[in-house]
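The values are calculated or read from the model by the stated rules, or taken from the named source; none is laboratory data. In this text, all values refer to a predicted model and were calculated from it rather than measured experimentally. When we count neighbours, we look across all protein chains shown, and the Cβ atoms used for this are built from the backbone with ideal geometry, even at glycine. These accessible areas exclude ligands, DNA and RNA; they are computed on the full protein's heavy atoms, side chains included. Shrake-Rupley method; radii C 1.70, N 1.55, O 1.52, S 1.80 Å.
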Amino acid sequence: GGGAMAAVREVEIDPEGTFKYILVRLQRPGGGEQRDIVRGTKAAEFHNHIFEKVNPEMEKLGYECKCLGGGKIDHNSKDKKIRVFGLSTGYGKADHSVTVEILKKVYTDYEITWSDDKK
């Protein structure tokens, strides 16, 4: 069943500020169900710090994790705006359009945009 996967939140990002994020693909070993999740936090100096935290958590739930790339998120909770931009040196650029679609599921009343700008 999809119980455990449903328990994984699609988005976990800081409530405010500008920070690094990664797009991660979860997959059942042997090619079962898969889903993409967004993780981002100011606490991470580098993109791999986020992955190193997510990966063991997901492995415990029985998922293989693959980082699809990264970037930055600018989260303005006051104006209800999220901007996705930039890239990860180590993982490359995530497909920000995919990230935006995932964010829209959670932040339904936000204006969410993306660009390939570095800043």
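Tabulated data
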{"quantity": "Separation of the residue 109 and residue 12 label points, Cα + 7 Å toward Cβ, nm", "calculated": "2.6 nm"}
{"quantity": "Set of lysines near residue 78 by C-alpha distance (under 30 Å), chain-local residues within fewer than 8 positions excluded", "calculated": "20, 42, 53, 93, 104, 105, 118, 119"}
{"quantity": "Region 1-65: equivalent-ellipsoid semi-axes (sqrt of 5 x gyration tensor eigenvalues, Cα, Å)", "calculated": "23, 12, 9"}
{"quantity": "Residue-normalised accessible area of the chain, given per residue in Å² at a 1.4 Å probe", "calculated": "55 Å²"}
{"quantity": "Residue-span extension gain [residue 35 to residue 60] - 0.36 nm each, minus C-alpha spacing", "calculated": "7.4 nm"}
{"quantity": "DSSP-defined antiparallel bridges as percent of all bridges, the chain, nearest 5", "calculated": "75 percent"}
{"quantity": "For the chain: relative contact order, % (alpha-carbon pairs under 8 angstrom, 6 or more apart)", "calculated": "25 percent"}
{"quantity": "Low-density loop positions, trypsin sites (Lys or Arg not before Pro), region 1-97 - DSSP coil, at most 16 other Cβ in 10 Å", "calculated": "9, 42, 78, 80"}
{"quantity": "Label-point separation in nm, residue 25 to residue 119, each point 7 Å along Cα→Cβ", "calculated": "3.4 nm"}
{"quantity": "Within the accessible area of the chain (1.4 Å probe), percent carbon and sulfur", "calculated": "50 percent"}
{"quantity": "Kirkwood-Stokes translational diffusion coefficient of region 11-114, alpha-carbon pairs, 4 °C, 1.567 mPa s, µm²/s", "calculated": "95 µm²/s"}
{"quantity": "Amide H contacts under 5 Å for residue 93, placed H, 5+ residues apart", "calculated": "70, 88"}
